[in-house]
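Here the structure comes first, spelled out in structure tokens, and everything after it is commentary.
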Amino acid sequence: MISFPSIHSATAPAPAPAALFPRRNSLHLSSFYRPPPPSTRRHDRLLVRSIDAAQPYDHESRLLDRLDQSSKLKIAIIGFGNYGQFLAKAFVRHGHTVYAHSRRDYRTVAEPLGVAFFSDVHDLCEQHPDVILLSTSIISTESVLRSLPLQRLRRNTLFVDVLSVKEFPKNIFLQVLPDHFDILCTHPMFGPESGKNSWENLPLVFDKVRIGEEDSRVDRVKNFLDIFEKEGCGMVEMTCAEHDKYAAGSQFITHTMGRILEKLQLETTPINTKGYETLLKLVENTASDSFDLYYGLFMYNKNAMEQLERLDLAFESLKKELFGHLHEVLRKQLFGKSEEGGLQRPMLAKLPKNGTPFLPSQSEGFGSS
Ligand code: NAP
């Protein structure tokens, strides 16, 4: 066994000179030991003291540990489907205690994720989570919220939602939850597909709808938002109304285009362009979300209908533009010079006024160009 000189050696007897200066070229382990010069030896006592002096730092690190522990939350996820599970992994990764409850039994899914699953929501609420996070489908949110046994929760529990629409859950929360509960509405603008590798620079929209003034309640919101901030999300604070306006013009349009393209059953080809690859990716991204989610984007965002109408108009206008050009080309081919001379246009009657193309039959043959 190799033993090293004790740092308490100030009190130990001085080693014999032979042991202090081993023979040259000796491979004996003692040859690695070089005694400190006498002046250093006098500081041995100081070395002992320096360990004492380290105590406050140790104490500090323990305090930091305790502080870190105090920032850990007990988060209960209601709705442990696709998105609930995706978020749970991150919450666990950040050291928070995660509980879950869902309509279906997800015990076997929850366990390997380090999540405690409660089939009975009463049992979950009796754990007194700091945060109740709603991750149910948009259309079931109200019934799920109304079915929670609020009386079993601590009085100032923080309610958070991650719904893809924001004014709707905000209003439901304000209607259903007693004043003593805090409310934070959020929308992580990414999903299990787009955020599977990293959340870096992906936006988290949040609105602190109702947060009590006590430090502990303010800190709790901060600790929750910190999860996303530490993951590198772009933190965007805005009202739920602003969110819905922006989201209808961006997210709803994206999902709608993805679903239209899905109906076209696009297939990969040997000559895919980059643009086409993007479309295929869009279909893949949107098709992996449930139809409930898409329907919720439409049904519970009052701006969505307007966007759908704009999309319709845009498509019609584009068709008109195309057919308008075609109309001109056909006219030139049909009447050419005769039009210039102001003669009759017998064939023009065949071109419909609404811009729908008149496609010549083979027998009518408009020429080959
Ligand atoms: P979803 O189809 O919108 O919701 C599925 C979840 O809702 C499941 O947990 C399901 O529970 C629950 N649920 C559905 N109908 C229910 C009912 N009648 N009663 C009780 N629970 C019901 O799919 P999701 O992708 O998991 O989304 C969950 C929430 O996250 C939605 O509000 C969505 O807007 C939001 N979000 C999703 C994404 C995304 O990329 N997926 C991104 C941001 C935000 P069971 O599984 O137990 O049936």
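Every number in this text was worked out from the coordinates using simple rules, so none of it is lab data. Source: prediction; values computed, not measured. Cβ atoms come from the backbone with ideal geometry, glycine included; neighbour counts cover every protein chain shown.
Which aspartates and glutamates, if any, have their Cα less than 17 Å from the Cα of Lys274, not counting same-chain residues under 8 positions apart? Cα-Cα hits under 17 Å: Glu284. Neighbours of Ser119 by Cβ distance under 15 Å: Lys/Arg scored +1, Asp/Glu scored -1, total -2. Between His122 and Arg62, the simple spin-label model (points 7 angstrom out along Cα→Cβ) gives 4.3 nm.
In plain terms, the residue of Glu213, Glu306 with the fewest other Cβ atoms within 10 Å comes first and the most crowded comes last, giving Glu213, Glu306. What is the list of residues in the stretch 182-213 whose amide nitrogen lies under 13 Å from a point 7 angstrom out from the Cα of Tyr295, following Cα to Cβ? Output list for this probe position: empty. Taking other C-beta atoms within 10 Å as the exposure proxy, Phe190, Phe252, Phe291 rank Phe291, Phe190, Phe252 from fewest upward. Residue separation of Thr108 and Val92 scaled by 0.36 nm, minus their Cα-Cα distance, works out to 4.1 nm of gained length.
Which of the trypsin sites (Lys or Arg not before Pro) found in the stretch 261-329 are in a DSSP loop and have at most 14 neighbouring Cβ atoms, other than their own, within 10 Å? Please list the in-between numbers first.
Numbers: sites: Lys263, Lys274, Lys281, Lys302, Arg310, Lys319, Lys320; in loops: Lys302.
The qualifying sites are Lys302.
Label positions at Asn171 and Leu279, each projected 7 Å from the Cα along the C-beta direction, are separated by 3.7 nm.
What FRET efficiency do you get for Lys332 and Asp226 if R0 is 56 Å and r is their Cβ-Cβ distance, rounded to the nearest 0.05? Intermediate results must be reported in sequence, preceding the final value.
Numbers: r = 67 Å, r/R0 = 1.19.
Rounded to the nearest 0.05, the efficiency is 0.25.
Take every DSSP beta bridge whose two residues both sit in the stretch 134-265; close to 35 percent of them are antiparallel.
As a proxy for reagent exposure, Ile172, Ile253, Ile260, Ile271 were ordered by neighbouring Cβ count within 10 angstrom, fewest first; the result is Ile271, Ile260, Ile253, Ile172. Counting charges near Val209 (Lys, Arg +1; Asp, Glu -1) among other residues having Cβ under 11 Å from its Cβ returns a value of 0. Size descriptors for the stretch 71-238, from the alpha-carbon set: Rg then Dmax equal 14.5, 40 Å. Taking the charge dipole of the stretch 71-238 about its Cα centre, with +1 at Lys and Arg Cβ atoms and -1 at Asp and Glu Cβ atoms, the residue from Pro112, Asn82, Val144 reaching farthest to the positive side is Pro112.
Might you report the magnitude of the Cβ-based charge dipole of the stretch 71-238 about its Cα centre, with Lys and Arg at +1 and Asp and Glu at -1, to the nearest 20 debye? Provide the component values of the computation, followed by the final result.
Values: 20 positive and 22 negative charges, 58 e Å.
Computed charge dipole of the stretch 71-238: roughly 280 debye.
For the residue pairs Lys245/Lys320; Lys196/Lys263; Lys170/Lys208, alpha carbon separations beyond 20 Å are given by Lys245/Lys320; Lys196/Lys263. Once you reduce the stretch 137-201 and the stretch 256-299 to the center of their Cα atoms, the two points are 27 Å from each other. Put a dot 7 Å past the Cα of Lys319, heading toward its Cβ, do the same for Leu261, and the two dots end up 2.1 nm apart.
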